[in-house]
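The values are calculated or read from the model by the stated rules, or taken from the named source; none is laboratory data. Source: prediction; values computed, not measured. Backbone-built Cβ (ideal geometry, glycine too); neighbour counts: all protein chains shown.
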Amino acid sequence: MNAKRRGIQIFGWLSVIAGYSLALLLIRGVFTGITRGFAGGPHAFWLLVAYLLFLALAAYLFTVGRRAISIAKGDPRPRAQFGWGRMLLGALLIFGAANNRFHLLPTRQFVKQLQYENQTQAQAGDITTITICIGCVFLILWGIWKGFHGHTIKPDLGS
């Protein structure tokens, strides 16, 4: 096995381990959340959305890792039809911006919320957040567009 394939294989295993680790953290978070009794609180819906995004990230890392390991072995799996990575990145960034702006999830007391010192900083921060969210919507739409128009079947003309 040459260095390139070994590097792809190592990347694949690291991605699989990261996916499993995130999934275990998610299971721990769900368990501790249920035992502490926030299932009916005002933030329950947004917490569920955060858990689903976290689960999607763990599944994506696991899938990317499995595909990289298969490529390193010389047996590549077919590519995903949609741009799941783009869609997931866009959704995570939009959720993070919405959480920062509207305080959707309860935070610990040692986490300091973003506060601006003057009106100019507030306007610049709002413009930056809006620009990032527009870019994230573009990423999500680009991933969906790839799913519907990204694959063209090329006829095999023989060799």
(request) Confirm whether residue 85 is touching a residue at least 40 places away in the same chain (Cβ under 8 Å) and surrounded by 18 or more Cβ atoms within 10 Å (Cβ to Cβ). (result) no
(message) When you check residue 54 against the structure, is it closer than 21 Å to residue 99 by Cα and either at pLDDT 90 or above or outside any helix (DSSP H, G or I) (or both), yes or no?
(response) yes
(request) With respect to residue 101, determine if the residue is basic (Lys, Arg), at pLDDT 90 or above and part of a helix (DSSP H, G or I). (result) no
(message) Which condition from (1) closer than 23 Å to residue 10 by Cβ; (2) surrounded by fewer than 15 Cβ atoms within 10 Å (Cβ to Cβ) is the one that residue 103 breaks?
(response) (1)
(request) Give the residues of region 109-147 that are within 22 Å of the chain's Cα centre (by Cα) and among the charged types (D, E, K, R), sorted by residue number. (result) 146
(request) Take residue 114 and decide whether it is at pLDDT below 85, surrounded by 12 or more Cβ atoms within 10 Å (Cβ to Cβ) and not assigned by TED's automatic domain parsing to the domain that holds residue 42. (result) no
(request) Determine whether residue 157 is touching a Lys or Arg at 6+ places or on another chain (Cβ under 6 Å), of a type in the set (A, V, I, L, M) and either part of a helix (DSSP H, G or I) or modelled with pLDDT under 95 (or both). (result) no
(request) Determine which single condition residue 80 fails, assuming it passes every other condition in (1) crowded, with 16+ Cβ neighbours inside 10 Å; (2) over 12 Å from the mean Cα position of the chain (by Cα); (3) in a helix (DSSP H, G or I). (result) (3)
(request) Report yes if residue 67 is closer than 22 Å to residue 16 by Cα, part of a loop (DSSP other than H, G, I, E, B) and either modelled with pLDDT under 95 or not small (Gly, Ala, Ser) (or both), otherwise no. (result) no
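Matching residues to (1) touching a Gly at 6+ places or on another chain (Cβ under 8 Å); (2) of a type in the set (Asp, Glu); (3) assigned by TED's automatic domain parsing to the domain that holds residue 146:
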| position | (1), (2), (3) |
| --- | --- |
| 51 | yes, no, no |
| 62 | yes, no, no |
| 68 | yes, no, no |
| 71 | yes, no, no |
| 86 | yes, no, yes |
| 97 | no, no, yes |
| 102 | no, no, yes |
